[in-house]
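Q: Can you keep this structure in mind? I'll have questions shortly.
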Amino acid sequence: MRAKTKINASNIIFIGSGISSSFTIIHFLDHLLKIRIQKELKLTIIDKYKEFHTGIPYGERSGSSVLLITSLKNFLPLSILQDFLIWLTIHKDSLIQEFRSNGGKLANEWIETNTNSIKHNKWEELYIPRRFFGRYIDELVRSKINESISKGIIAVDYIMKEVIDVEKTNRKYTIFLNSGETIYSEKVILSIGSLPVKYLWKHQSCIEEEHLLFINNPYCPDLSTVLNKINTFIKNKENQNINVLIVGANASGLEMLYKLNDVKEIESEINKFLMLSIQGLLPDTIINEEKRKKYKPHYLEALKKESHITAKLIADATFKDLDRADQINLGAASTVEIVSKAFGSLLERLDETELKEFACLYGNKIGRRQRCAGYHYFRTAQNLHNQNKFQHIAGRFENITQNSKNDYLLEYLDTCTNTNRIHDDTIQIVINCIGSTTLYNDDIPQLLKNLMNKGFCVKNNSNIGFDVNEKLEAQDNFHIIGPLVAGNIIEGKAVWHLEHCGRIIWLSKLLAEKMGQYFSQKQEVINE
């Protein structure tokens, strides 16, 4: 693979090299391989991290021994799943060996539990290690790039630097790097993934004090390094009770609880795990088939009879039906498919204005009520609870305070009483897993600030996404792909949660088609 360091002009620049850009590249090169172009295209792929093509979830930064939050069959669309299953079968021995060597007791339990399924290549129902997919996508995109290079279709530059600004002159974009260098391109793909983690306390990714370790970003620089810091901190507190507070019950929060109990040296020394989330509930895991068969989303079904409906009416009906499910102790794992299908059919009746309002204001709110996770995460919390080592607190993080003994305590806004409270247990380790910041906060990357200040990108009412057109353009030849597309209408569909791999693949294929059309029109092509 050609990987230059010279900074020059390019036809396409990818800012960010995670899953969204990887699938866009794969689909785009598939298109180019079907035709013969007269002039080689130059691709430049820029990322501030050393690992390309996987992003945080599927790369080294989140480790090699964390599992998918959904089963494999629900993780990938069928078109991608079939090829991935073949690849898993071919590489399973080396994958399992790496998983075992990088994991701990929970990793070994996973292997033992699923030995028979792995032996007979029955992967679809498994919650496989995420790193397996990262290995696959990295191999796939590099293979596709090498094939395209060998046929003289493209040349590729990889640049490990940070993009801090973009300017446009004479229909060309100038990309400014933090090194002071510049690159010129006619087309830009902004694919930097989700917005950065919102820091809860102070302005550092990790704060180390004598009696407190506060981790604002568990993936900075990577999960393995963070776990080593936690282990070292605990060793230095020998013969002291160590309580861990995890703020947030989303995928990252569950993952951190899981990994802290996977590493024996850490798990054996922790006295208690506290988890703080607004609802005080873990994502649902177990499907109740009997109750599920009887459950009907009555409020949503009633809306089907109305002649005029709005985004708000659909959202209100959805919340009422979810409240009904809560009243009969029927969780999201049992209702998510039923409820989503019911409100999804109603969205088809909304005009574009109302559909965009749903995408911006209601989609993610409903999603937070429909969170599901694999049983391996639930079991970890359940086992700790049975040992009186786990407590889930319903509230919002306010602060970490100190008492007269210089011990740290959690201050939080109690969800039930709407009053500030101080939790009784002292806290020695805090892990921030509340998720990303928004475009209205100051702690976003300088690149995004500059793009908004210049009017290149206009944030929408979702607070986490930019407006784009049907070509996924914020400006002519300036495309956006991935989570920053939240709050848009694409091909008549409202999009709001763009961290779902299936939706990422759908949009990347759409963008690749638009790119293929653009360059096909610019060059005379001959069908092979």
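Q: I'd like the full set of residues that are surrounded by fewer than 16 Cβ atoms within 10 Å (Cβ to Cβ), in contact (Cβ under 8 Å) with a residue 60 or more places away in the chain and within 24 Å of E357 (Cβ to Cβ), limited to the stretch 441-474.
A: Matches in the stretch 441-474: N441, N461.
Q: While we're looking at this one, here's another question. Kindly indicate whether F233 is modelled with pLDDT of 95 or more and in contact with a Leu (Cβ under 6 Å, 6 or more places away or on another chain). Please lay out each step first, then the result.
A: Details: modelled with pLDDT of 95 or more: yes; in contact with a Leu (Cβ under 6 Å, 6 or more places away or on another chain): yes.
Yes: the conditions hold for F233.
Q: Of the residues L384, L413, L447, L409, which is under 21 Å from the mean Cα position of the chain (by Cα) and either in a strand (DSSP E or B) or under 30 Å from K202 (Cβ atoms) (or both)?
A: Unique residue meeting the criteria: L447.
Q: Here is a further query. Among (1) at pLDDT 95 or above; (2) in the same structural domain as E499 (by TED's automatic domain parsing); (3) in a helix (DSSP H, G or I), there is one condition H31 misses while meeting the rest; what is its number?
A: Only one criterion in (1) at pLDDT 95 or above; (2) in the same structural domain as E499 (by TED's automatic domain parsing); (3) in a helix (DSSP H, G or I) is unmet by H31, namely (1).
Q: Also, quick follow-up: Listed residues L212, L223, L227, L260; which is in contact with a Lys or Arg (Cβ under 8 Å, 6 or more places away or on another chain), over 30 Å from R503 (Cα atoms) and at pLDDT 95 or above?
A: Unique residue meeting the criteria: L227.
Q: So which of S334, S307, S340 is of a type in the set (S, T, Y), surrounded by fewer than 18 Cβ atoms within 10 Å (Cβ to Cβ) and modelled with pLDDT of 95 or more?
A: S340
Q: Restricting attention to the stretch 366-375, does a residue exist that is without any contact (Cβ under 8 Å) to a residue 40 or more places away in the chain and either of a type in the set (G, A, S) or under 19 Å from L274 (Cα atoms) (or both)?
A: no
Q: A follow-up question, please. Any residue in the stretch 218-231 that is within 15 Å of V430 (Cα to Cα) sitting within a Cβ distance under 9 Å of a residue that is surrounded by 17 or more Cβ atoms within 10 Å (Cβ to Cβ) and basic (K, R)? List the pairs, counting only those 6 or more apart or interchain.
A: P218/K259; Y219/R61; C220/R61; L223/R61; L223/K259; L227/K259
Q: Still on this structure, please answer the following. For the stretch 34-55, enumerate the residues that are surrounded by fewer than 21 Cβ atoms within 10 Å (Cβ to Cβ) and either in the same structural domain as G104 (by TED's automatic domain parsing) or of a type in the set (A, V, I, L, M) (or both).
A: Within the stretch 34-55, I35, I37 qualify.
Q: Tally time: how many residues in the stretch 115-131 are crowded, with 20+ Cβ neighbours inside 10 Å and either over 27 Å from the mean Cα position of the chain (by Cα) or without any contact (Cβ under 8 Å) to a residue 12 or more places away in the chain (or both)?
A: Residues in the stretch 115-131 being crowded, with 20+ Cβ neighbours inside 10 Å and either over 27 Å from the mean Cα position of the chain (by Cα) or without any contact (Cβ under 8 Å) to a residue 12 or more places away in the chain (or both): 0 in total.
Q: Within the stretch 218-233, can one find any residue that is among the β-branched types (V, I, T), surrounded by 19 or more Cβ atoms within 10 Å (Cβ to Cβ) and in a helix (DSSP H, G or I)?
A: Step one: list which residues in the stretch 218-233 are among the β-branched types (V, I, T), which gives 225-226, 230, 232.
Now drop any that are not surrounded by 19 or more Cβ atoms within 10 Å (Cβ to Cβ), which leaves 226, 230.
With the extra rule that they be in a helix (DSSP H, G or I), the set shrinks to 226, 230.
Yes, the stretch 218-233 contains at least one residue that is among the β-branched types (V, I, T), surrounded by 19 or more Cβ atoms within 10 Å (Cβ to Cβ) and in a helix (DSSP H, G or I).
Q: Hey, can you tell me all the residues within the stretch 343-362 that are surrounded by 19 or more Cβ atoms within 10 Å (Cβ to Cβ) and part of a loop (DSSP other than H, G, I, E, B)?
A: Result: L350, single match.
Q: Among the residues that make up the stretch 427-448, is at least one of them charged (D, E, K, R) and in contact with an Asp or Glu (Cβ under 8 Å, 6 or more places away or on another chain)?
A: No, the stretch 427-448 has no match at all.
Q: Output the number of residues of the stretch 17-28 satisfying the condition of being aliphatic (A, V, I, L, M) and surrounded by fewer than 24 Cβ atoms within 10 Å (Cβ to Cβ).
A: Initially, the stretch 17-28 is screened for residues aliphatic (A, V, I, L, M), giving 19, 25-26.
From the residues that got through so far, the ones that are surrounded by fewer than 24 Cβ atoms within 10 Å (Cβ to Cβ) too are 26.
Number satisfying all stated conditions: 1.
Q: Then there is this: Within the stretch 34-47, restricting attention to residues that are at pLDDT below 95 and not polar (S, T, N, Q), which residue is nearest to E98 (Cα to Cα)? Before the answer, list the steps.
A: Taking the stretch 34-47 and keeping what is at pLDDT below 95, we get 34-40.
Among the residues that remain, those that are also not polar (S, T, N, Q) are: 34-37, 39-40.
Details: K34: 37, I35: 39, R36: 41, I37: 41, K39: 42, E40: 39 Å.
Of everything passing the filter in the stretch 34-47, K34 is nearest to E98 (Cα to Cα).
Q: Residue by residue through the stretch 479-494, note down the ones that are outside any loop (DSSP other than H, G, I, E, B) and surrounded by 22 or more Cβ atoms within 10 Å (Cβ to Cβ).
A: Matches in the stretch 479-494: H479, I480, P483, L484, V485, N488, A494.
Q: Considering (1) touching a residue at least 60 places away in the same chain (Cβ under 8 Å); (2) under 20 Å from G502 (Cα atoms); (3) of a type outside the set (G, A, S), say which one L72 fails and leave the rest.
A: Going through (1) touching a residue at least 60 places away in the same chain (Cβ under 8 Å); (2) under 20 Å from G502 (Cα atoms); (3) of a type outside the set (G, A, S) one by one, L72 breaks only (1).
Q: In the set K296, K305, K365, which member is of a type in the set (K, R), in a loop (DSSP other than H, G, I, E, B) and within 25 Å of N74 (Cα to Cα)?
A: K296
Q: Also, I was wondering about something else. So, in the stretch 418-440, of the ones that are of a type in the set (S, T, Y) and in a strand (DSSP E or B), which residue ends up surrounded by the fewest Cβ atoms within 10 Å (Cβ to Cβ)?
A: S436
Q: Tell me, which residue of the stretch 427-444 that is closer than 25 Å to Q279 by Cβ and among the polar types (S, T, N, Q) is farthest from the chain's Cα centre (by Cα)?
A: Here the answer is N441.
Q: A follow-up question, please. Which condition number does S17 fail, the rest of (1) in contact with a strand residue (DSSP E or B) (Cβ under 6 Å, 6 or more places away or on another chain); (2) assigned to a helix (DSSP H, G or I) being met?
A: Among (1) in contact with a strand residue (DSSP E or B) (Cβ under 6 Å, 6 or more places away or on another chain); (2) assigned to a helix (DSSP H, G or I), the lone unmet condition for S17 is (2).
Q: Go through the stretch 132-156 and give me each residue that's among the charged types (D, E, K, R) and over 18 Å from I505 (Cα atoms).
A: The answer is E147, K151.
Q: Considering only the stretch 177-188, I want to know if a residue exists there that is among the basic types (K, R), touching a Phe, Trp or Tyr at 6+ places or on another chain (Cβ under 9 Å) and either modelled with pLDDT of 95 or more or in a loop (DSSP other than H, G, I, E, B) (or both).
A: Restricting attention to the stretch 177-188, the residues satisfying the condition of being among the basic types (K, R) are 187.
With the extra rule that they be touching a Phe, Trp or Tyr at 6+ places or on another chain (Cβ under 9 Å), the set shrinks to 187.
Those left that are additionally either modelled with pLDDT of 95 or more or in a loop (DSSP other than H, G, I, E, B) (or both): 187.
Looking for residues that are among the basic types (K, R), touching a Phe, Trp or Tyr at 6+ places or on another chain (Cβ under 9 Å) and either modelled with pLDDT of 95 or more or in a loop (DSSP other than H, G, I, E, B) (or both), one finds at least one in the stretch 177-188, hence yes.
The values are calculated or read from the model by the stated rules, or taken from the named source; none is laboratory data. If you're wondering where the values come from, they're calculated on a predicted model, not measured in any experiment. As a convention, Cβ positions derive from the backbone with ideal geometry for all residues, glycine included, and neighbour counts pool all protein chains shown.
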